[in-house]
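For reference, the structure is listed below as C-alpha cells.
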Amino acid sequence: MFYTSDRRSENKNDRLKYDMKEPQLDSGMANIFQIDQSVVRIIDVLSTGFKLSNGKAAYGPLLVVNNEAFTLKIPPPVPKPNGKAVNPLLLLDPKALAVLDIVTPKPEMIVVGGGAQLSQLSEGARKYLTSIGLKVEIANTRYASSTFNTLLEEGRNIAFLALPAGVVA
C-alpha cells in the first residue's frame, strides 16, 4: 500500500493516509488458487473415458501432452482362458506413444493411470519412455488424474496417459 506523509499536519491521524490517487505498488503476492483456463486438465474420470477442462469428453484410453489430448487405440482387456483379463497397458506398443518423439517442449514426466487398479506398463513402453528422458509415475486412473492436475497447477510440464477408470484387469 502507498501511504503519504503530510509534514505540515500536526495531527498524528493525518500523517499516514492512504492515497487512492497514487499508483499502488505490487505487493508481490500471487493467487495460488487461480487456475490457468488454457491448460487442459482432467475434470472428471468416467468409467468409459474422461471429461476435460476444454469442455470436451474423450472416450477410451487418453494421452494428454502440451495441452493437446489424444485418444489412443489400445485394445481392450483380453480375457484369458482362466477368466482373468490382461490389462491393456501390459500390451501397449511403444509406437502408440510416438507423438512424444516430436512434441516440444518435452515433458519431464508422464503420469500413467492403469484403470480401476494399479497396472504396470509393457516393458517396451517403459523402456521407450525412459529412453526419451521421461520419468514415469504409475497409479490407478483416479489417483493419476489427481496427480496430473496437481503437477499442472504447480506449473510443471507433465504428460498423462490413462485407461478409463472402468477398466478392470
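The values are calculated or read from the model by the stated rules, or taken from the named source; none is laboratory data. This is a predicted model, so every value here is computed, not measured. Glycine gets a Cβ as well: all are built from the backbone with ideal geometry, and neighbour counts include every protein chain shown. All accessible areas refer to the heavy atoms of the entire protein, side chains included, with ligands and DNA or RNA removed. Shrake-Rupley method; radii C 1.70, N 1.55, O 1.52, S 1.80 Å.
Checking each residue in region 105-123 for being open to solvent by less than 80 Å² (accessible area, probe 1.4 Å) and of a type in the set (Asp, Glu) picks out only Glu108. State which residue pairs qualify: first residue within 21 Å of Arg156 (Cα to Cα) and inside region 80-105, second residue among the basic types (Lys, Arg) and surrounded by 14 or more Cβ atoms within 10 Å (Cβ to Cβ) in any location, beta carbons under 8 Å apart, and separation of 6 or more residues or different chains. Cβ pairs passing all conditions: Leu100/Lys106. Here Asn87 clears all of (1) within 22 Å of the chain's Cα centre (by Cα); (2) buried (at least 19 other Cβ atoms within 10 Å of the Cβ) except the condition numbered (1). Among the conditions (1) under 17 Å from Lys73 (Cα atoms); (2) crowded, with 19+ Cβ neighbours inside 10 Å, the only one that Gly166 does not satisfy is (2). If you check Lys56, Lys80 for being modelled with pLDDT of 55 or more, charged (D, E, K, R), within 16 Å of the chain's Cα centre (by Cα) and open to solvent by 90 Å² or more (accessible area, probe 1.4 Å), only one passes: Lys56.
Residues that are closer than 19 Å to Ile43 by Cβ, open to solvent by less than 30 Å² (accessible area, probe 1.4 Å), among the hydrophobic types (A, V, I, L, M, F, W, C) and in contact (Cβ under 8 Å) with a residue 40 or more places away in the chain are absent from region 124-143 altogether. When region 56-67 is filtered for residues that are in a strand (DSSP E or B) and touching a helix residue (DSSP H, G or I) at 6+ places or on another chain (Cβ under 8 Å), the ones remaining, listed by number, are Leu63, Val64, Val65. Among the residues of region 39-53, those identified as in a strand (DSSP E or B) and open to solvent by 40 Å² or more (accessible area, probe 1.4 Å) are Ile43, Asp44, Lys51.
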